[in-house]
There are 6 protein chains.
Amino acid sequence: MFTYQVDESTYLKLLEIRDTQPMFNIVNQNRSHLRQWMPWIDSTKKVQDTEAFIKSTLDKFSNSNGFDAAIWHKGEVAGVVGLHYINQTHGLTSIGYWLGKDFEGKGLMTKSVSSVIDYAFHTLKLNRIEIRCATENKRSQAIPERLGFSKEGVIRDAEYLYDHYVDHIVYGLLRREWEEMKA
Amino acid sequence: MFTYQVDESTYLKLLEIRDTQPMFNIVNQNRSHLRQWMPWIDSTKKVQDTEAFIKSTLDKFSNSNGFDAAIWHKGEVAGVVGLHYINQTHGLTSIGYWLGKDFEGKGLMTKSVSSVIDYAFHTLKLNRIEIRCATENKRSQAIPERLGFSKEGVIRDAEYLYDHYVDHIVYGLLRREWEEMKA
Amino acid sequence: MFTYQVDESTYLKLLEIRDTQPMFNIVNQNRSHLRQWMPWIDSTKKVQDTEAFIKSTLDKFSNSNGFDAAIWHKGEVAGVVGLHYINQTHGLTSIGYWLGKDFEGKGLMTKSVSSVIDYAFHTLKLNRIEIRCATENKRSQAIPERLGFSKEGVIRDAEYLYDHYVDHIVYGLLRREWEEMKA
Amino acid sequence: MFTYQVDESTYLKLLEIRDTQPMFNIVNQNRSHLRQWMPWIDSTKKVQDTEAFIKSTLDKFSNSNGFDAAIWHKGEVAGVVGLHYINQTHGLTSIGYWLGKDFEGKGLMTKSVSSVIDYAFHTLKLNRIEIRCATENKRSQAIPERLGFSKEGVIRDAEYLYDHYVDHIVYGLLRREWEEMKA
Amino acid sequence: MFTYQVDESTYLKLLEIRDTQPMFNIVNQNRSHLRQWMPWIDSTKKVQDTEAFIKSTLDKFSNSNGFDAAIWHKGEVAGVVGLHYINQTHGLTSIGYWLGKDFEGKGLMTKSVSSVIDYAFHTLKLNRIEIRCATENKRSQAIPERLGFSKEGVIRDAEYLYDHYVDHIVYGLLRREWEEMKA
Amino acid sequence: MFTYQVDESTYLKLLEIRDTQPMFNIVNQNRSHLRQWMPWIDSTKKVQDTEAFIKSTLDKFSNSNGFDAAIWHKGEVAGVVGLHYINQTHGLTSIGYWLGKDFEGKGLMTKSVSSVIDYAFHTLKLNRIEIRCATENKRSQAIPERLGFSKEGVIRDAEYLYDHYVDHIVYGLLRREWEEMKA
C-alpha cells in the first residue's frame, strides 16, 4: 500500500511477503546477469528462499535498522534498493541496489538512489552514506560517481564471489556535501 | 519514506519509531476528545507509551497481520487508520480509525478508510471487512454508513470505557458488495 | 491430574501432551461429522498436528489467555470445550466446543458449557461471554439458546469452510443475566 | 477450574496467575515458620515476586516438566506440593512440598504427596521418585518415611540457608515398591 | 584459542563449533566402549547431533551455568570434562567426564578433574562438588576416590541405560576438605 | 579457566561475568585516557553497564561471531583485544583493542594482536583482517603498521566521538601476506 514515487512510471515499495513471487521471478530471470556481482544468487534456489529474505528485511525495517524496497516500473519489479543498516550513534548508513537486465539504461537506479539519499540525510538525519562496488563493476560505480560521492579507498579481498575474491571501492558522501550540491 | 496519497494534501504513512513525538503530541492535545471512545488514553501517559505502541504495530505489520498508518494532512499528523488484524484463512479484517478534533469535517476519514478498503479487497484479496462503533458514537458510524456497509447486529457490553460498558454496532462489507458499488 | 467434575461419569481435564493420542483418535473417527462445521479437520492429518495444537493451547493457558479441556466421559474423550481468549481489560471471553458423534444426545455439552460459564463469571470475574454458531448449525445453536444467551446479530461470511463462506449468529450472555437466572 | 480431590475438604489446584494474592498472603503469614527450611523466603518480598514464581511454574507445566499445585483446604490455601522436574529419559522426578503452620497435624501433606505419587507412577509412568529433606527437618522426613521411601544417603552441604549449609537426606521410591505396597 | 594447560602434552579447551568433526570422530570410534555407561551414544548418530550438543553447551557457558571442555592430548581429542551446572545460590556443581579407550591409563583424567576442581573452588568460589558413578563402573569411581571425595550414598535406579536401570554412587567433596588436603 | 599465553607474564582470557568488577575498574581508572578514542566511555557508568557488555560479547562468542578477551598482565587486567565479528562467507574479520595507560610501552598489544592474527588465519581459516584507527590516533596505527598491514583508504566521518566526527584509516592484511612474512 505504501510507496515512494520516483518518477511518473516508477515507485519504490517496501518488500512485503505478498511480493515473494514477483521478487523470485526477477531473480530467476536474471541469474547469470546478477551472479556476476551478487554472492546470494546460488543460495536463492526456491521461492521459500526469497520469502525468508523478505521476512528478514521486514524485521530489519521494524527494528529501524534499514529496509529493502522493490523498484516498481510500469507495473513490474525492476530491481531493489535499500539501506543495509542504520547506525544512529555514528550517523552512518550504506546503500545497496541491483537492477534486472531489461531495466538498465533508463536512469531508474540513479533516480532511486537519489531518493534514498534524500531520505537518509533529511528524514533520518544521518551524516554519512557509503556505497561499495567491486573494482571491476563499472556499471555499479557509475551511480555514486554520477551522484557526487568521493572515492575513499580500495578494500582488498572484500567479498568472495563463488570461486574468487574481489576488491571493493568505498565511496562516501557526507550530508554537508549533498546539501552544497543541492544548493 | 513510503506513503499512500489520499488526496492532494493528505497521505497515509506507516507509523515508524521516528514518528513517536508527533503521534504522542496529537494524542496529548486531544485527550478529552478521544477519551470519550478510546479505551487506551489513560494508559498513554508518556512518550514511551506511544513508542511501545509503534513497536507493537510495526511487529504486526512485519508479520503480515495488519498495520497502523498516520494520516498526514498538510504536514501534520491528523489521525490514524489501520487494520486490527488480517485473517487469511477466512478472508477477514477489521478497520479502526480516529481523528484529532481540528481535522474533523474535511472528509479526511471517509477518503482514508475508502483507500484502506481498496487495499484490503484488491491487494490483500480479503472477503469481508468489519467496522465496530459504539452505539452512541454517531460520528464514527457515519463512516461505514456512507461507504455502504450493512449493519449486522449489536454486541452488548462489548467494550469497557474507564467506568462503564458500551454496546458495539457491527458493520460488515463483503468484497462482492464493494465491487458492485464501484461498477 | 487436575479435573473438573461435570456429573458422576463426566469430567473436564486440561489438554496435556500425553493426551495427544486419544485426542487424535476421536478427531480421526469423526472426520466427516466434524468437517461440516470445523475448518481445521483437513489440516489435522497426523498425530503431530494434534500435538502442535495441544502445545499452542497449553501456551494460551499459561499466559492466562484461555484454555482447551477434553470432556472425559466414562474413561473416553467425548469432545472439547474451552475459552478462545480472555480479555481482562473489557471483561470478555468466547466459548467454543465440539462433541464426537457417539456422545451426542446425553446432555454432556450443556452441562460442560454451563460449568465453563460459572468459571468465567465467578472465578475469572468476566462480564460477557460470546458464543458463535454457523446459521445452519442448529445443534450448536441449541446450547446458547438452552442456557439463556441473547441473539445479537448475524455476521455475514464470517468463516470459510473448505469451499464456501458461512454466516455466524452471535450469541451474548452478561454476568448480570446469568446471576438473575441462577437466583 | 481444574482440581484434584484429596479428601472431602481438600483439593489440589494448579497455581495460576489469579492465585497470586492468596499465595503471597500465606507466605507472608508464615515467614518465620517457612524460613527455617525454605531458601526463597527472603527473596519473596512483594506480590510481584510470587507472580513471577507462578509464571515460571506455569511455564514448567506447559513444557511437561513438572508443576506446582496449591493445596486448598476449606476454601483457603494451606500449602504447596509439586514436581520439581520430570525426566522422561530416565523415568525420574522429585517431589517438593510445604505447609502453613495452621494447617499442620491434619494429615494433609501425607494425603497430598500420596496423590502426587499415584500421578507420577500411574499417569506419567515414571520409575523413581526422590524426596530430599534437611537432616534436622524431622517433620518433613516423616512424609517419605510414612509413605515407604528408602533412605539412600546423606548429601553434605546440599543447600545454603541464609547463613549456613544444611545436609540433605535423599529418599527414593521405585514404582515396583509402590505397587507392592498397594497390592 | 583459549586453553588450560594440564601437563606438557595435554590441555583443556572449551568446545566450539569448529571442533564438531574431531568430537564426532572420537565418539564414533568409541561407540561400544562409551555405550556401556553413557546414555547418549545411540542418539548421537550424525555430525549434526554433535553440533547441536556443542551449541547447547556453549549456551550453558555463556549463561555462567557450566561448560564442557575437550581434553586435547598430543594434538588429538582424548575425551571431555566439564561442569553439568553451576548453582551459585547454594555453591554447588557436578563434574562429568569420559575418555576414549586409547587414552586410558595415562592419568589424563585424574589431572583434568583435579584442574576443574581447582577452578570450581578457587575461581568460582563454590562450596561443594558432586561426582556420580554407576555402581558397576569401577574405572569411573577411581577418580573421586583418588581425589579424596567421600561416598555419601547410593541412588537406586538413577539412570536408564538403553534397556536397564543402574544405581549411582554419589561422591561429594567440600571446599574445606580440598583446602586441607592441599595444605 | 581458559587462557592463551602471550608471554611469560601475560595471557588472554575470554571475558566472563565474574570478570565484571576488574573490567569496570580499569575502565573507571582510564576514563579520560580512553575517552579520547572510545565512543562508549560515557555510556559505561555503572558496573551493570560492564556486565551487560560482557553478556553481549559472550553471546557473540557462543554464536561463533567473534569474541572479546581481557589481556591479563602480572595478575591485573591490562586491556582488551578481540574480533568484532566473523564473516565465514567472505572470510573476513576485524580486530579491536585498547590498553590501560599504565600498561603502554611494554609491547603487550603488538604481541596480543599478533596472537589474534594467528588464530584468525590458522584456526579460523579466514582470508582478510581489517583494523581501523582514527587518523589522529598515531599510537593505535603503530600496531597494524608494525605487523605489516597495508593502508587501504581513509573513511571520512566514520565515527562520532561525543561532539565531533573522526576519519578512519582502514588497514588490511591478507592471509597470503601473513604467511609470506612468517616464512
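The values are calculated or read from the model by the stated rules, or taken from the named source; none is laboratory data. Quantities reported herein were computed from a predicted structural model and do not represent experimental measurements. Cβ: placed from backbone, ideal geometry, glycine included. Neighbour counts: every protein chain shown. We work out accessible area using only protein heavy atoms, side chains counted, and drop any ligands, DNA or RNA first. Shrake-Rupley method; radii C 1.70, N 1.55, O 1.52, S 1.80 Å.
Shortest first, F:THR110 label-point distances to identical copies amount to 4.6, 5.1, 8.1, 8.1, 9.4 nm, with the label point at 7 Å from Cα along Cα→Cβ.
Can you pull the semi-axes for the range A:51-124, root of five times each eigenvalue of the Cα gyration tensor, sorted largest first, whole Å? It would help to have the intermediate numbers written out before the result.
Numbers: eigenvalues 102, 50, 15 Å².
For the range A:51-124, the semi-axes come out at 23, 16, 9 Å.
Qualifying GluC sites (Glu not before Pro) in the range C:4-81, where qualification requires a DSSP coil assignment and no more than 15 other C-beta atoms within 10 Å, comprise C:GLU8.
For the range C:94-183, which GluC sites (Glu not before Pro) pass both filters: DSSP loop (anything but H, G, I, E, B) and at most 16 other C-beta atoms within 10 Å? All intermediate terms of the calculation are to be shown ahead of the outcome.
On the way: sites: C:GLU104, C:GLU130, C:GLU136, C:GLU145, C:GLU152, C:GLU159, C:GLU177, C:GLU179, C:GLU180; in loops: C:GLU104, C:GLU136.
Loop-located and lightly packed - C:GLU104, C:GLU136.
When chymotrypsin sites (Phe, Trp or Tyr not before Pro) are flagged only if DSSP places them in a loop and at most 12 other Cβ atoms lie within 10 Å, the longest unflagged stretch of chain F comes out as F:41-161.
Using the Cβ atoms and a cut-off under 12 Å, what net charge is assigned to the surroundings of B:ARG176, where Lys and Arg are +1 and Asp and Glu are -1? Taking every other residue near B:ARG176 into account, the sum is 0.
For the range B:115-183, the list of trypsin sites (Lys or Arg not before Pro) that fall in a loop by DSSP and count at most 13 other C-beta atoms within 10 angstrom reads B:LYS125. Which residues in the range D:84-110 place their backbone N less than 16 Å from a point set 7 Å from the Cα of D:GLU145 along the Cα-to-Cβ direction? Label zone hits: D:105, D:110. Net charge of the neighbourhood of C:ARG128, taken over other residues with C-beta under 9 Å away and scored Lys/Arg +1, Asp/Glu -1, is 0. Taking each residue of C:148-154 in turn, how many C-beta atoms of other protein chains fall within 10 Å of its C-beta, and what is the average? Across C:148-154, the average partner-chain Cβ count within 10 Å equals 4. The heavy atoms of A:LEU161 present about 0 square angstrom of accessible area, all protein chains included, probe 1.4 Å. Summarising the label geometry, the points placed 7 Å from Cα in the beta-carbon direction at F:LYS111 and C:ASP118 lie 7.9 nm from one another. Partner shielding of F:165-178 amounts to 2, given as the average count of beta-carbon atoms from other chains within 10 Å of each residue beta-carbon.
Charged neighbours of C:ASP102, selected by a Cβ distance under 15 Å, balance to +3 (K, R count +1; D, E count -1). Measuring from each Cβ of chain E to the axis that turns chain E onto chain D, the shortest distance belongs to E:GLY153, 1 (residue, then whole Å).
Average the reciprocal distances over every distinct pair of alpha-carbons in the range C:85-183, invert the result, and give the Kirkwood radius in Å.
Numbers: mean 1/r = 0.0697 Å⁻¹.
It is 14.3 Å.
Grouping the Cα pair distances of the protein assembly as shown into 20 Å bins from zero gives a pair-distance distribution of 9, 31, 37, 21, 1 percent in increasing distance order. With no solvent and one equal point scatterer placed on each C-alpha of the range F:131-183, evaluate the Debye formula and give log10 I(q)/I(0) for q = 0.22 Å⁻¹, two decimals. Relative scattering, expressed as log10 I(q)/I(0), comes to -0.79.
If I take every Cα pair under 8 Å that is 6 or more residues apart in the range C:3-182, average their sequence separation and divide by the length, what percent do I get for the relative contact order? Can you show the working numbers first?
Numbers: 278 pairs, mean separation 31.0, N = 180.
Once divided by the residue count of the range C:3-182, the mean separation gives 17 percent.
Extending 7 Å from Cα along the Cβ direction at C:THR89 and again at F:LYS138 yields two label points whose distance is 6.2 nm.
Each other copy places its own label point for A:HIS84 at 1.1, 4.4, 4.7, 4.7, 5.1 nm from this one, sorted shortest first, where the point lies 7 Å along the Cα-to-beta carbon line. Let me test this: with uniform point scatterers at the alpha carbons of chain C, what is the Debye-based log₁₀ I(q)/I(0) at q = 0.14, 0.19, 0.20 1/Å? Here log10 of I(q) over I(0) equals -0.80, -1.54, -1.68. Working note: Cα gyration tensor of the range F:35-89, eigenvalues times five, square-rooted, sorted largest first, giving semi-axes of 21, 15, 12 Å. Label-point spacing for B:LYS46 across the identical copies (point 7 Å from Cα in the Cβ direction), in nm and ascending order: 1.4, 1.4, 4.7, 4.9, 5.0.
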